[in-house]
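Contents: one structure, followed by commentary.
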Amino acid sequence: MKKIIALVAMVAFLGLAVVAFATPAGPAGDIKIVKAKGAEKKPVVTFSHVKHAVAVPDCKVCHHTWNGEGTPKMCSECHAAKKNGKKLDSKNAAHKTCRGCHRDMKKDGKKTGPTPCKGCHKK
Ligand code: HEC
Ligand code: HEC
Ligand code: HEC
Ligand code: HEC
């Protein structure tokens, strides 16, 4: 019996390990969001990726063009200082995603991130 339990535990552990490796993890610590060239008026935004990956489990809410493989591209690789066709400028892309979510959650009375400028653009 003990052997069977040990075997079951081992298989479960291996299964978890496989899942852990198959799911790409985001950065563990705080990261600085890369600015688009030519849009550099405000202080850089430091962002706890790990808190967001827990609070917002669907990576594609933010990495909306990512197919789930490899490393998602920086927002500023597509969203430049100026709007380009359908692609919003970097400021509005970030504000719509980041501030938009915080504002909506706040309206619903939930614990969320900041909406005032200085809450994100900290000196
Ligand atoms: C709330 C928004 C948000 C969510 C949710 C999110 N990310 Fe991110 N992630 C970002 C931002 C913003 C950056 C920095 C991008 C930049 O500087 O343009 C980033 C960066 C990354 C990077 C580093 C890219 C590099 O080249 O250094 C990886 C890897 C990553 N995310 C993976 C993930 C994965 C996997 C998930 C889901 C488990 C996830 N992210 C969920 C917003 C998010
Ligand atoms: C590979 C290129 C690419 C990357 C990387 C990218 N975007 Fe976009 N984004 C686009 C394109 C193209 C559009 C316009 C068409 C669409 O909605 O898909 C867009 C549209 C948007 C919109 C407007 C959607 C709407 O509802 O009107 C927002 C907001 C946005 N992006 C935010 C972000 C953020 C934040 C990041 C980084 C976490 C990011 N994008 C990364 C290409 C990209
Ligand atoms: C879909 C919802 C959602 C999106 C999108 C989102 N956030 Fe948040 N944010 C949250 C929630 C929920 C918290 C509170 C998390 C916590 O305290 O554990 C938070 C907390 C924060 C905080 C304060 C906590 C900390 O230490 O970092 C900052 C700063 C922040 N967000 C910045 C951003 C930025 C910048 C973006 C866009 C790249 C963004 N958020 C996108 C939901 C979101
Ligand atoms: C929830 C976080 C958040 C809040 C709140 C926020 N921003 Fe931003 N903002 C960002 C992110 C992320 C970017 C894209 C990265 C960057 O350019 O620094 C950005 C970009 C910008 C840019 C373009 C880049 C630059 O430095 O010129 C300006 C200007 C800006 N924000 C002004 C403001 C102002 C003014 C407010 C208050 C009314 C504000 N932001 C509130 C997250 C935020």
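The values are calculated or read from the model by the stated rules, or taken from the named source; none is laboratory data. What you are looking at is a predicted structure, and each value in this text was computed from that prediction instead of being measured. Every residue, glycine among them, receives a Cβ derived from its backbone with ideal geometry; neighbour counts consider all protein chains shown. We work out accessible area using only protein heavy atoms, side chains counted, and drop any ligands, DNA or RNA first. Shrake-Rupley method; radii C 1.70, N 1.55, O 1.52, S 1.80 Å.
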Exercise. Aspartates and glutamates within cross-link reach of Lys96: Cα-Cα under 16 Å, excluding same-chain residues under 8 positions apart?
Worked result: Asp104
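Can you give the Kirkwood hydrodynamic radius for the range 26-120, in Å, rounded to one decimal and based on Cα pairs? Numbers along the way, then the final one.
Values: mean 1/r = 0.0700 Å⁻¹.
About 14.3 Å for the range 26-120.
Of Lys41/Lys118; Lys35/Lys111; Lys32/Lys123; Lys41/Lys82, which ones are farther than 18 Å apart at the Cα?
From the list (Lys41/Lys118; Lys35/Lys111; Lys32/Lys123; Lys41/Lys82), the Cα-Cα distance tops 18 Å for Lys35/Lys111.
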For this session: Assign unit charges at the C-beta atoms only (+1 for Lys and Arg, -1 for Asp and Glu), then state the dipole size of the range 26-120 relative to its Cα centre in Debye, rounded to the nearest 20.
Result: 500
Exercise. Given the protein chains as shown and a 1.4 Å probe, how many square angstrom of Ser90 are accessible, to the nearest 10?
Worked result: 30
Exercise. Between Lys42 and Lys73, what length in nm is gained on full extension when 0.36 nm per residue of separation is reduced by their alpha carbon distance?
Worked result: 9.0 nm
Seminar exercise, completed: As straight-line cross-link partners of Lys83, the qualifying aspartates and glutamates (C-alpha separation under 18 Å, not fewer than 8 residues apart within one chain) are Glu40
Exercise. For the range 52-123, what % of the accessible area comes from carbon and sulfur atoms, probe 1.4 Å?
Worked result: 58
Exercise. From a point 7 Å beyond the Cα of Lys122 in the direction of its Cβ, which residues of the range 80-114 have a backbone N at a distance under 17 Å?
Worked result: 99, 112-114
Exercise. Modelled label-to-label distance, Trp66 and Thr115, 7 Å Cα→beta-carbon offset: nm?
Worked result: 2.7
